[in-house]
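Single-structure report; data block below.
The values are calculated or read from the model by the stated rules, or taken from the named source; none is laboratory data. None of the values given here were measured: they were computed from a predicted structure. Because the Cβ atoms are built from the backbone with ideal geometry, glycine has one as well, and the counts that use them run over all protein chains shown. What goes into the accessible areas is simple: the full protein's heavy atoms, side chains included, and nothing from ligands, DNA or RNA. Shrake-Rupley method; radii C 1.70, N 1.55, O 1.52, S 1.80 Å.
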Amino acid sequence: MSLPFVDLEQQYARLKPLIDARIHAVLDHGQYILGPEVAELEAELARRAGARHCLTVASGTDALIMPLMARGIGPGDAVLVPGFTFTATAEAILLLGASPVFVDVDPRSYLIDLADLERRIAATRVAGRLALKAVIAVDLFGLPVDYPALHAIAGAHDLFVIADAAQSLGAQWHGREVGSLAPVTATSFYPAKPLGCYGDGGAVYTDDDDLAVVLKSIRVHGAGESRYDTVRVGLNARFDTIQAAVLLAKLPSFQDELAARDRVARRYAARLSNRVQTPVMPEGVSCAWAQYTIRLPNRDAVKARLAAAGIPSVVYYPTPMHLAEAYRAHGEGEGSLPVGEALCREVLSLPMHPFLSDADADRVCDAVLAALDGSQ
Ligand SMILES: *Cc1c(COP(=O)(O)O)cnc(C)c1O
């Protein structure tokens, strides 16, 4: 019997009455664009994160593009970004004509390496070709970055900080929620993310009132005070009312789901951590466990053996951004980000969702241990 990598079917089966009622309420009132559920959701998400503003948008990718647009970042500007991330983080920078400066990641946390960040800042400054403007930090696999340490470096170099929290919504850093840890936080509601809707979606969080006004304008074609008064170049980046309704139905159980993911992660760690590199769990920091990612040298052989045993696993990610075909002209080639390059050869994400039973988690661990024994 095969078990699922994520289990959206089971989540829907549990929440069906709530989700169906919320969707039908939208069909009844018919306000499909920026209807009342959008404002209700934004208020609730802002409250939960302890942020002044939460603006829902059409995707996590738009949530990254919009703050860069709002800051006027474009050609000639450098934006620092980890090379080991999902493609959208780098894409947002390049879409605006700005230049990504790829930074390596820490070999244990997989998050942006702050010592390497300082080296890349210094090197970009010495080269003198680009204006350093911003850094996008990624809470990869659901673990928040050490934002206070990042802000200290960013502040010293006058860099704007954007948190890519597409995978970490619901996580905390020493009692503070994701969404309030950076001047701007972008998240995603893609179905498989910790808080997923039934299509594409995302949100931008900020405490900055002026920035919130600009982001709101960008979301609807750069509209000014009145709708057909176009004051800037914007996007069509609204979040559908029906999708907001889905998230409102899912929110009451979100905390329980995060706790259930954490239980799965601890069960995996107890069984696997003396055989493979398991994720760090820093004191005082919680993880949203978008992925549970182990690191092992014989990754491809283990992955094949898991598949044969009916256990799905996925490689997030097989290629670092500086070696991606579309982006490599902006990087420094093979060997320039040694940690990220090694991770792309060695990481493997295991099934992770709130409904994974102890028995199924044990089945995954048994299969990983057997695959390790068989692939030596
Ligand atoms: C999913 C993801 C995004 C993009 O979100 P979409 O909603 O798919 O556009 C950006 N960054 C990271 C790290 C992601 O995992």
In cubic angstrom, how much convex hull volume per residue do the alpha carbon atoms of region 206-320 span? 215 Å³
Linear extension gain, L94 paired with V314, 0.36 nm per residue minus alpha-carbon span: 76.5 nm
Which one, L215, L248, Y32, projects farthest toward the positive side of the charge dipole computed for the chain from Cβ point charges (K/R +1, D/E -1)? L248
Accessible-area ranking of K250, K303, K216, largest first, probe 1.4 Å: K216, K303, K250
For A122 and Y228 in the same chain, what is the full-extension length gain: residue separation times 0.36 nm, less their Cα-Cα distance, in nm? 33.7 nm
Can you sort T87, T293 by 1.4 Å-probe accessible area, starting with the largest? T87, T293
If you restrict to DSSP beta bridges whose two residues both lie in the chain, what percentage is antiparallel, to the nearest 5? 60 percent
Of H157, H221, H322, which has the most accessible area and how do the rest follow, probe 1.4 Å? H221, H157, H322
With only helices counted (DSSP H, runs n ≥ 4, each -39500 (n - 2.57)), the per-residue ellipticity at 222 nm for the chain, to the nearest 500, works out to -13000 deg cm²/dmol
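With charges only on Cβ, +1 for K and R and -1 for D and E, what is the dipole size of region 248-324 about its Cα centre, in debye, rounded to 20?
On the way: 11 positive and 5 negative charges, 65 e Å.
Computed about the Cα centre, the dipole is about 320 debye.
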Using a 1.4 Å probe on the protein heavy atoms only, what accessible surface does D229 show? Give it in Å² to the nearest 10. 70 Å²
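If I stretch the segment between A324 and A259 completely, what's the gain in nm (0.36 nm per residue apart, minus their alpha carbon distance), one decimal? Please list the in-between numbers first.
Details: separation 65, 0.36 × 65 = 23.40 nm, distance 3.53 nm.
Computed gain between A324 and A259 is 19.9 nm.
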Would you work out the charge dipole size for the chain about its Cα centre, treating the Cβ of every Lys and Arg as +1 and the Cβ of every Asp and Glu as -1, and quote it to the nearest 20 debye? 360 debye
Could you report the accessible area of E334 in Å², rounded to 10, computed with a 1.4 Å probe on the protein chains as they sit in the structure? 140 Å²
Using Cα pairs closer than 8 Å and at least 6 residues apart in sequence, work out the relative contact order for region 72-128, in percent. 32 percent
Which one of L8, G60, P107 has its Cα pushed farthest toward the positive end of the charge dipole of region 1-157, where Lys and Arg give +1 and Asp and Glu give -1 at the Cβ? P107
Let me have the relative contact order for the chain, percent, based on Cα pairs under 8 Å that are six or more residues apart. 22 percent
Please compute the modelled spin-label separation between H24 and D209, points set 7 Å along Cα→Cβ, answer in nm with one decimal. 4.3 nm
State to the nearest 20 debye the size of the charge dipole of region 143-280 about its Cα centre, where the only charges are +1 on K and R beta carbons and -1 on D and E beta carbons. 800 debye
Students often forget the sequence filter, so: which lysines lie under 26 Å Cα-Cα from K133 once same-chain residues fewer than 8 apart are removed? K216
Roughly how many Å² of M281 are accessible to a 1.4 Å probe, to the nearest 10? 70 Å²
Selection from A301, M69, H157 lying farthest towards where the dipole of the chain points positive, charges on Cβ: A301
If the cut-off is 28 Å between C-alpha atoms, which lysines fall inside it for K303, apart from same-chain ones fewer than 8 positions away? K193
Most fluctuating of A49, A326, A361 in the GNM of the chain (C-alpha, under 10 Å) is A326
The FRET efficiency for L15 and A192, from their Cβ-Cβ distance with R0 = 22 Å and rounded to 0.05, is 0.85
Quick one: if the Förster radius is 22 Å, what FRET efficiency do E40 and D158 give, using the C-beta to C-beta distance and rounding to 0.05? 0.05
Estimated distance in nm for a label pair at E283 and N236, the labels positioned 7 Å out from Cα along Cα-to-Cβ: 5.3 nm
